[in-house]
Amino acid sequence: MRWGRRNPRRYYDREGREQPPATVGSVLDCYKVQACCETCVHCSDIDHTRWPAAYPLPDIALHLLCTGCGAKGDRISVQVSRRDGAFRP
Ligand SMILES: [Zn+2]
């Protein structure tokens with residue numbers, strides 16, 4: 001079991017193994033993506049299609065700056081939710 005430094009933008013299983021993150025391509029069309037600031041709770045829709053399909057979705061936060069308080073990516077989380085009325089095929 002490895003309990004070394006962990007990436008806060010990754011999920012780890014019970015054995016401490018890093019799991020593959022969702023990618024931009026895996027949420028195209030069916031979802032909307034929001035960035036939420038953990039400091040001031042400002043949330044905003046983002047255009048995740050600007051990143052390549054293989055790009056790890058949680059890592060988009062690293063490129064963002066909160067327009068509410070100026071916090072940078074390590075204080076921002078990326079959240080995925082269904083569009084109203086949309087269903088996955
Ligand atoms: Zn903020």
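Rundown of residues vs (1) part of a helix (DSSP H, G or I); (2) out of contact with any helix residue (DSSP H, G or I) (no Cβ under 7 Å at 6 or more places or on another chain); (3) away from the ligand (no atom under 16 Å from the Cβ), yes/no style:
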{"site": "14", "(1), (2), (3)": "no, yes, yes"}
{"site": "21", "(1), (2), (3)": "no, no, yes"}
{"site": "54", "(1), (2), (3)": "no, no, yes"}
{"site": "61", "(1), (2), (3)": "yes, no, no"}
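Cβ separations smaller than 9 Å between residues 6+ apart or across chains give the following pairs from segment 41-53 residues that are more than 12 Å from residue 79 (Cβ to Cβ) to residues that are surrounded by 15 or more Cβ atoms within 10 Å (Cβ to Cβ) and acidic (Asp, Glu): 51/59. For segment 11-23, the set of residues classified as surrounded by 13 or more Cβ atoms within 10 Å (Cβ to Cβ) and touching a Lys or Arg at 6+ places or on another chain (Cβ under 9 Å) consists of 12, 21, listed by residue number. Among the conditions (1) modelled with pLDDT under 90; (2) within 15 Å of the ligand (Cβ to nearest atom); (3) crowded, with 17+ Cβ neighbours inside 10 Å, the only one that residue 37 does not satisfy is (1).
The values are calculated or read from the model by the stated rules, or taken from the named source; none is laboratory data. Just so you know, these numbers come straight off a predicted model, no measurement behind them. In this analysis, Cβ positions are derived from the backbone assuming ideal geometry, glycine residues included, and neighbour counts consider all displayed protein chains.
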